[in-house]
Amino acid sequence: MLHRRPICVFFVACVLIVSGFPSGESKSFESVPDLEKAMYLNIDGYPCVRLLNTSGEIGCSNPGRSKISAPIIRWKGQDRPVSQPSTFLVAEDDMQSFFLRVSGVKIFAAKVAGVLIESNDVHFSSALSPDRKFPQSEFAPYKDQSHEWNPLGSGIMWNRYDFPVFLLSKNSTLSLQETLSKNDERYNGGTVDFAEFDMVMQTTKVGTHNSESCLKENSCLPLGGYSVWSSLPPVNATSGKPLKPIILVMASLDSSSFFRDKSVGADFPLSGMISLLAAVDALSNVHDLSQVKKQVVFVFFTGEAWGYLGSRRFLVELDLGTDATKGLNTSLIDQILEIGSVGKATRQGVTTLFAHAAGDSSRSNEILMALQQASKSLGSEKVKVNASSASNPGLPPSSLMSFLNKNASTAGVVLEDFDSAFTNKFYHSHLDSTFNIDLSSVEAAANLVARATYLLANGAAESANTIRVNSSLIEELAACLLSCDPGLACPLVRRFISSAAICPSHYVGVFINDPSGSPPTANVDDTSRFVWNFLAAKTGAAGSTCREGKCLGDGQVCVGLEADGIGRCHTSSTRYVPAYSPRLQYVGGSWRLGGVHESDPAGGVDPVWTESFWNSISVRIYRAQSPGFNRLVLNSGMLLTFLSYGAIVCARAFLMKALKRD
């Protein structure tokens, strides 16, 4: 018994060592939210979501019905093996190479549980275009579809990924980098940072994997929105006078990217849209437009990035003679001028734009000559318009393709900042932001479009020479529509609408309710509503005030009603036109897929894009012990149990001996 005392002292010391001493650090939690806040770092970002068409799926989603948790590791392009499914933290300029590896190496793809893409403060020079080398080639009105209009395109946005992907906001990128750095320093591998994704698409739950099946199960909605058209002067369909031939001047409203809510599209297509809005403003100040020989009609299409929904539906509405296109007629369209990418035409102080012509050559040449005459009228050698290369197979991707598919002799020109290949290294990328364009290039294009449009409509060069766009308006439009500061909170936008968001995104969105030429405000996205109000204000004379959207005058619309509940009546032919697949039908409160519409010659290749529903989309970071540390804890626990038993035996022996002495 005398030898038990040193053994017992040893046991007690071991118990204290294994169980640990108080650290002196304590933190109190007054509520469950306090505890949760301490445990989790919520991440802000932009998700890649699941989209469907008649053939299958693209985009991202959790593979099953539950959340995903996986340890975070940084991907640096190396081929080192990954032992378990992980969340990969990928630098923005490595994004394209990462997803190409996922698509090309199945073993690697099987280890990807989720992806977090870092945002950077600087605009990287490395190219990132997730679209194909010939975007939407199936709609081209010519046979050679091998031409690489977008040579830097990787096509990664058209693949299906059975894991969630988030583009981190800049603040979340900094927070996550700081958290990972601190944890590496503090815990030396004892803990691992996990990402928990909650991005379960409804189509995943019900097992619907194409547009037809998901529409039947009501687990998705069709992509679509509202295009806008207007005219100078306003079209009077009831005047009884012979209708004039139409000069159609058009641009696109929507863009796309790998990430749904980060589709700015500064160069393509917003530089063209801003240019046309500025041209409309300049033309609205010309006093003799009522006497022109041809009717000028402006159209801003949405849904063009997803099967040319806007332009194709516009042509169907024209054939059907709906109220949305009242006053217009397909047979009256004489010439078309489309403004595409015009934000990168200035190089070394010289702006050079290219005219891509199609259809009736003589009338297309008239458009080219009008643009070149407008260029000369500016009195500067720094703005040029060249005909595109004769070696090009045809038009670049553009809305004019829809008109040519309808009528191959349609005379039209697409004005672009490139000849045979895109100059935009970020075509349909979230990086195609305001840093990617030169506003002097946009201004030059706007002046050309305004003057050329007047020349085509009237032919009077003297009056055309006095037309000049407002450069301050272009700067304001760019600040409102291409950035978050001030974004849609800018005075120009607030003058007309109450926007749903501040940061602009030009993703087309989804169609919820019955399509209508007079939709409720809540059913129209911010960009289309702003363009409608802007055009109505610029193309029509102002009249009395209006409340509740009602104007008594014939052909009048209420402008700016959203801003403060009191609008102004304008005599204008500005209209909304629903933009959705001509194959879709809205029946009994839901959407159904029908056959090819007889008025849509491109309907046979229509992919009919839809977007899956989801319950919630979120990602958060938490810290957990590494598997090795967990094994250490288990072994330590077993050892502690053994030592505790030994300590109890020693204590019992000591007490019994002490009692006997007493």
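In plain terms, the chain from ASP162 to GLU178 could stretch by 2.9 nm, reckoned as 0.36 nm per residue minus the Cα-Cα distance. Electrostatic bookkeeping for VAL557 treats Lys and Arg as +1 and Asp and Glu as -1; over the other residues with beta carbon under 12 Å from its beta carbon, the sum is +2. Of all DSSP beta bridges located in the chain, what percent are antiparallel, nearest 5? Here the share of antiparallel DSSP bridges comes out near 60 percent. The modelled label-to-label distance between ALA489 and SER83, using points 7 Å beyond Cα along the C-beta direction, is 4.8 nm. Compute the longest continuous run of the chain that contains no exposed trypsin sites (Lys or Arg not before Pro); treat a site as exposed when its DSSP state is not H, G, I, E or B and it has at most 16 other Cβ atoms within 10 Å. In the chain, the maximal stretch lacking such sites is 144-292. DSSP finds beta bridges in region 204-353, and of those with both partners inside it, around 35 percent are antiparallel. Residue separation of ILE502 and ASN42 scaled by 0.36 nm, minus their Cα-Cα distance, works out to 163.5 nm of gained length.
Using the rule -39500 (n - 2.57) for each DSSP H run of four or more residues, divided by the residues of the chain, the 222 nm mean residue ellipticity is -9500 deg cm²/dmol.
A crude spin-label estimate for the pair GLU475 and LYS106, with each label 7 Å from Cα along the Cβ direction, gives 5.8 nm. In a reduced charge model with +1 at each Lys and Arg Cβ and -1 at each Asp and Glu Cβ, region 184-338 shows a dipole moment near 820 debye about its Cα centre.
Placing a pseudo-label 7 Å from each Cα along the Cα-to-Cβ vector at VAL649 and LYS376 gives an inter-label distance of 10.9 nm.
Over all other residues within a Cβ to Cβ distance under 14 Å of SER573, the charged ones net out to +2, with Lys and Arg as +1 and Asp and Glu as -1. Excluding the site residues themselves, the longest part of the chain lacking any GluC sites (Glu not before Pro) in a DSSP loop with at most 11 other Cβ atoms within 10 Å is 31-380.
Throughout, read-outs are computed from the coordinates displayed, never taken from laboratory work. Please read these numbers as outputs of a predicted model, since none were measured by experiment. Reconstructed Cβ throughout: ideal geometry from the backbone, glycine too, with neighbour counts over all protein chains shown.
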